[in-house]
Structures are given as C-alpha cells and as structure tokens.
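Note sheet for the following structure.
The values are calculated or read from the model by the stated rules, or taken from the named source; none is laboratory data. What you see is a predicted model; the values in this text were computed from it and never measured. Positions of Cβ are backbone-derived with ideal geometry, glycine not excepted, and every protein chain shown enters the neighbour counts.
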2 protein chains.
Amino acid sequence: MPTIIDVAKRAGVSFKTVSRVFSGEDYVREETKMAVLKAARELDYKVNVSARTLRAKRSNKVVLIGSNPSPNYRNLFQLGALSACQDAGFDLVLKSEFDESEIQKLVLSDKPVGIVLLPPASGEISILNSLEALGVPVIRVGAYPETGSGGYCIYIDDDAASFDITQVLIQAGHSAIAFLSGPLSQLHAQKRKDGHLRALQSAGISPKEDWVLEGNFDFKSGFALADKLLSSKERPSVIIASNDEMAAGCLAAAYKNNLRVPEDLSIAGFDDSPIAQVIYPPLTTIHQPVKEMAIEAIKLLDVVNRKKETGNAAIKLDYEVKLRGSTKFIETTT
Amino acid sequence: MPTIIDVAKRAGVSFKTVSRVFSGEDYVREETKMAVLKAARELDYKVNVSARTLRAKRSNKVVLIGSNPSPNYRNLFQLGALSACQDAGFDLVLKSEFDESEIQKLVLSDKPVGIVLLPPASGEISILNSLEALGVPVIRVGAYPETGSGGYCIYIDDDAASFDITQVLIQAGHSAIAFLSGPLSQLHAQKRKDGHLRALQSAGISPKEDWVLEGNFDFKSGFALADKLLSSKERPSVIIASNDEMAAGCLAAAYKNNLRVPEDLSIAGFDDSPIAQVIYPPLTTIHQPVKEMAIEAIKLLDVVNRKKETGNAAIKLDYEVKLRGSTKFIETTT
DNA sequence: ATCGTTTATGACAACCTTGTCATAAAAGCA
DNA sequence: TGCTTTTATGACAAGGTTGTCATAAACGAT
C-alpha cells in the first residue's frame, strides 16, 4: 500500500502537503492540489485511517444507538446510515441500547465522529445532556429542536402528518375512528395524538374517550388494544395506529375477530416500514423518509467533522400519506 | 487516557511487557501478568486500537456481508453479531452486498479480522475462492462444509429440519401438502426441498408435481405462488414455505382468497424470524438459532485472530420445530 | 520602498502500539 | 559441571498520519 510519502514523491511536493490535501486543510494551491490528487489516483493511494486516528485523536466511527422497539424502523435506518457511512468513509458502530457508562468509555477511548440517536433515546434530555458534556456531536432522529438545548435534530412534523392521515380517512367517509397512540411520555407519540385530535375537531367529530388508547409501539400492544376495541359492542370503522407494528397488530386482531380488512374494518399505520407491505392488505400509512433521515444524519456529521466544531441545527423532512388496500372508501349518499 | 507506558510505570515493568500481556503474547510470568492487569485496572487503561492496528497491520474489523433477501434474518443475525463483536472488541462493518473489487480493497487496506458471509453469498464458491486468495478468514453461515474447499462453516441440517416439520404436519393429519422452495440454485433451498420430499415418501405420500413450487425466499413470491395454489380447484390443506417471509406471503394470499388460517388452510414457515410472531396466527416454523450462529461466527474469528493462522472447521447447530397457531391438527376418525 | 498580513509549503516531532533483536535467568540434558 | 534450550524481560525502532513551528513568497496598504 502506498503512503502519503510515495504520493508526495510522485507529485514532487512534501508529504505534509499531501496530508493537507487529504485532510481538507486550507492553504494548498489549486494547481498543487490537482497534482497531488493525480499522483494519488495513479498510485491508488488510500489514507490509513488508523494512523490518522492515532495522530489526530479522532476516529472515523459513527455510533448509532437504536433502542427503537420497531425492528423494521431500526433496520431501515441502519441501511441508509450504512451506505452513507461508506460514502463518507465512516465506520458505523451499532449499539442496541443506551448505556451511559459504556458510551462514555466509547467516546473517551474512540473519539467517534458523532453519535446518532434514534427514538426514544433521541427524546430523552438526560441522555442528550450527558453526551453534550462529553463534547461529542449528537444527531437526534425523530426529536424536535424545542426539546433540549442543542444538538442536531432530524425530524418530520408528526403532528401535521397525523392530522393529514386522519383527515384523509374522514374524507373517505369514516367517522367512527379509533386511535392507538405510542407511549405518551415520548414527544412524537404525543404529537401524533395531538394531530389526530386536531383533525377530528376540525371535522366536528368529538373523540370517544374509549377509542383513544395508549400502546407501546409494538405488535403486541397493537394486537391487545385492537382486540379489545373489536370485541366490544360498538366497533370503530377504522383504527389508526401510531406506527406500523401496532397496525400489524390491529390487522391480526381483526382476523382473530373474524373481520375482513378493509371490508369490515379499515386500518392505518405510521412509518411505512417494510412490514407495511409484507402484510395483507398492504397498509395505508405515513411514509417517513427514514433512509433519507439516515443519510442526512451522516452528512451532518461529515460537515461537523470537517469544521471540527459542534453547533446545532434542525432539519425537517417531508412525509407522505400512502393510501393502500387497508382502508375502505365509504360511499357517501349525498 | 493512560497509555501502556503509564501502566508499565505503575506495575514496575517495561512497557513491552505490558504490551505482551494485552496482546496475548507468551512468555509473561503469571505473577507479572497479574501485577500488570492490576495496574491497568487501577488506571482504567484501554488499548488504543488505532495504534495497535497501525503497528500490527491488522484491524479489529469484522465484515458482515448480508445479501440475504429476508431482512428479518439479516437483522437478527446482525444483532447477535453486534453484541458478540462488542464482547470481543471487534468492530462490525456491514456490507449489504458482495462487491468483489470493493471487498478486495477493504481487505487490502483494512486487514479485517475476518469476513462473515450470509446466504446466499455464503454458498457461492467463486466468492469463497476470491476471498481465500486474499488470505482472510471466512465464516460461511448457512453453508455446508461439503461445498467449497475451506473456510469455516456454521449451519443447521436443513434437510433434517425440513423432514421433521413435514413429518409433524403429516402426523397432524395432513396429506394434501404443498411446498414452496427457495431458489434451487442455493444448496440450502435444495436441501429443504429434499428433506420435505423424503418425509412425504417415508409416509407413503406421493408428491403432487403442481404443489412443489420454486419461490424466491421473499414475501412477494410466497404470495404469488400461494395465490395460484389457493385459487385453483383442488386446494392443499397445508402449505409449507421454505422461509417465514414466503409463509407470510401465503398467509396474505389466504386472506385474499377468503380462507381462514388455520381453519381452512394451515401454513408453516422456516427460520422463526421475528415476522413469525408479528402475524396472525403466529407461524409454525423451524427455529433456527440465528443469534447463536452469529455468536459462534464471531467466537470463531476471535480464536482465529489470536492464533494468527487460518484453518477450517464446521459447526452444526440444532434447530427446533415450533408449533404455533398457523397449523391445524386434523381429528383422524380411527 | 517598507512593513504587516495572508497564502503556501516544508521540516520535524508526536501519537501508542507491536516487531525485532538482545540479554539474562532458569531449566533441561549430557 | 558445562552446554544448549526455553522462559522472561527490556531497549529501541517503526508504522503513516497530523500538529506545531518555521519560512518564503505574494499581496496590500501606507
């Protein structure tokens, strides 16, 4: 493997200049830069990450902490993050849970480029604070800038998305609408509920208290709650779940109760995770650009890494209502 | 952060001796070793991986190449590999696909501890050969020692597992059995089919040609094939799919065709991936110890890494038939 | 023309570990 | 005993990069 010195010789400059080119330092003439890059290309030079890390006391690791209960969401995010990391030359290190002392050790010994937090960890202020104290850039996915003082946030407008999907279902002729929220201690779960209620209100529908239930973002709670809803006398015509896992649970409960979807019951989810299309009928849901969020997260870290200073920013991405087979359009007799 | 030198001072030995202790070299008195470890503990010393990698020209990266079409299988394996890597002090680098030139570059520049291949890449001899030529240890998951000359194999007996689940269903009273195989170019897909046919034969059931179909290990092909099976005149009483994704597709097709599972149709899968319990009814399937396979894979690499030499071995793990709600036991009127 | 500032480049040390070689003590053997 | 071999430890260099400092040229302002 060629080193910086080989490239320097070939380009006729000092090895320090080559270093400058590859570490993105200033003060290299455009002409010199080109010559260096040409020489590097000819030799197929690759920077030695270990040496760089050793000297610069900064690794190329990105730590992804994913304690999200939905494996589909996690998996999708990982995939996006993975390819973005490959492009940026970062190593993706996965941690399944947030363990303060472990992370602290990791940060101190490895000096990672940054830490990406998935919900619900991304919403916990105590976590944010302890990471900021370590001076490591933090990207919070699915968290809002109004929570916590700093860090970088990447999010969608959960409130508006929930409003939209509810509105669409109302326009489809539904009025007996049940809603399964996530744990309300999580801000995005709360926002999804808020948006839903707002849509009901603006349509003049008063929410039935028994039909707004709190789940846990997983299949099991979705199944249990929907089973309860469907086995009682008065049934909703549609259940909106706050994520796709819970929606899958609703679907299961429907079949258990001998109801056909969407003929007897409509179901909607949230996330558009892979599971949405691996069940029958495919799920009406909110498409969240999870992969794009991952890519933005890594891009952000790349910028922060180059600038060598931490700041803060918030990126709001667009969502999309996906109408699929799990919801029925009721003919309104006008 | 303390270095090897700090530890050496505290323990009253040379830094080289400390290095010996941490890199597992021979020729350190037990007594000295203990003193070093004590000093290291007191200082909370951690080896600097970059420095080690730089000097030893060997990284602590494990490359996991997962081109498996079942995201659930991949995800589960990743999780197991991840925690095992953390224990062993390895970094897990994920690659979604096998790209010969990319991998070659990676091996040459990073000198990874080893490469873990998931199916179907693990079964392709050309891949194995090109990796062996690079001299990097290869762990093949779901591949058989009889394929290819070397490397390390971790697998289950697909033939026997398929035999067993088929036999269980026959004993449950089924005789109209359809089977969806994976792509027969993949050896484990072929074995699952073989085991199935063997079980039919040993029960004196002659397989219907139209009921043994080749799918692609994904939801879509499972759905399409089952839809075809179920919309024809003569229906099987059970469909055995070669993995859970395809079984989920069968379930969807059943609902589409207005059939109740398991009342009108039984379904069985293979893998016991998370999806098996996130559908309704939960899937009768073969539990594959995917996490254990991942852990074994990393353990193997750890051993190989310490010995600094590549050999070969094969580890066969146990499977288990999981009977769940998706299959019906037919009362036999004796 | 002179001086201060910015731009561009180089020389050299430092980062922390492992590899190589040297050396001394202990053990094995004739 | 005297010799070779094994065990145990240390001194020192090397690995490829970036940080620091020095220096020279180019530029701008007086």
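Before moving on, here are some points about what is shown:
- None of A:Leu37, A:Leu43, A:Leu79 is under 30 Å from A:Gly222 (Cα atoms), hydrophobic (A, V, I, L, M, F, W, C), more than 11 Å from DNA strand C (Cβ to nearest atom) and surrounded by fewer than 22 Cβ atoms within 10 Å (Cβ to Cβ) except A:Leu79.
- Failed condition for A:Val13, given (1) near DNA strand C (Cβ under 7 Å from one of its atoms); (2) touching a residue at least 12 places away in the same chain (Cβ under 8 Å); (3) part of a helix (DSSP H, G or I): (3)
- Pair list, Cβ under 7 Å, 6 or more apart: the range B:52-70 residue more than 9 Å from every other protein chain (Cβ to nearest Cβ) and in a strand (DSSP E or B), other residue of a type in the set (A, V, I, L, M, F, W, C) and within 16 Å of DNA strand C (Cβ to nearest atom): B:Val62/B:Phe90; B:Val62/B:Val113
- Residue check for A:Ile154: under 26 Å from A:Phe270 (Cβ atoms) and within 12 Å of the chain's Cα centre (by Cα): yes
- Apart from one condition, A:Val63 fits all of (1) away from DNA strand C (no atom under 14 Å from the Cβ); (2) of a type in the set (A, V, I, L, M, F, W, C); (3) farther than 30 Å from A:Met246 by Cβ; the exception is (3).
- Criterion applied to B:Ala81, B:Ala143 was being more than 11 Å from chain A (Cβ to nearest Cβ) and either without any contact (Cβ under 8 Å) to a residue 40 or more places away in the chain or of a type outside the set (Ser, Thr, Tyr) (or both), and the one residue passing it is B:Ala143.
- Scanning the range A:214-233 for residues that are of a type outside the set (S, T, N, Q) and crowded, with 20+ Cβ neighbours inside 10 Å gives A:Gly215, A:Phe217, A:Phe219, A:Gly222, A:Phe223, A:Leu225, A:Ala226, A:Leu229, A:Leu230.
- Filter result for B:Gly114 (within 14 Å of chain A (Cβ to nearest Cβ) and more than 19 Å from B:Ser242 (Cα to Cα)): no
- Members of the range B:287-313 that are small (Gly, Ala, Ser) and modelled with pLDDT of 90 or more: B:Ala294, B:Ala297
- Residue in the range B:43-71 that is nearest to A:Gln277 (Cα to Cα), counting only those that are touching a helix residue (DSSP H, G or I) at 6+ places or on another chain (Cβ under 7 Å) and either aliphatic (A, V, I, L, M) or modelled with pLDDT of 95 or more (or both): B:Ile65
- B:Leu180 being in contact with a Cys (Cβ under 9 Å, 6 or more places away or on another chain), over 26 Å from B:Ala297 (Cα atoms) and touching a residue at least 40 places away in the same chain (Cβ under 8 Å): yes
- When the residues of the range A:4-23 are filtered to those that are β-branched (Val, Ile, Thr) and either exposed (fewer than 15 other Cβ atoms within 10 Å of the Cβ) or away from chain B (no Cβ under 14 Å) (or both), the one that is farthest from DNA strand D (Cβ to nearest atom) is A:Val13.
- Hits in the range A:27-51 (condition: aliphatic (A, V, I, L, M) and within 11 Å of chain B (Cβ to nearest Cβ)): A:Val47, A:Val49, A:Ala51
- Subset of the range B:30-54 (residues that are closer than 30 Å to A:Val47 by Cα and within 14 Å of DNA strand D (Cβ to nearest atom)): B:Val47, B:Asn48, B:Val49, B:Ser50, B:Ala51, B:Arg52, B:Thr53, B:Leu54
- When A:Leu54 is tested against the conditions (1) within 36 Å of the chain's Cα centre (by Cα); (2) within 7 Å of DNA strand C (Cβ to nearest atom); (3) surrounded by fewer than 16 Cβ atoms within 10 Å (Cβ to Cβ), the lone failure is (3).
- Residue count for the range B:251-278 under the criterion of being over 30 Å from the mean Cα position of the chain (by Cα) and not in a loop (DSSP other than H, G, I, E, B): the result is 2.
- Any hit, the range B:98-107, residues being surrounded by 15 or more Cβ atoms within 10 Å (Cβ to Cβ), assigned by TED's automatic domain parsing to the domain that holds B:Val138 and farther than 23 Å from A:Arg52 by Cα: yes
- Candidates B:Asp91, B:Asp87: the one that is surrounded by fewer than 16 Cβ atoms within 10 Å (Cβ to Cβ) and not assigned by TED's automatic domain parsing to the domain that holds B:Ala247 is B:Asp87.
- Residues that are outside any loop (DSSP other than H, G, I, E, B), within 22 Å of A:Arg55 (Cα to Cα) and in contact (Cβ under 8 Å) with a residue 12 or more places away in the chain do occur in the range B:23-37.
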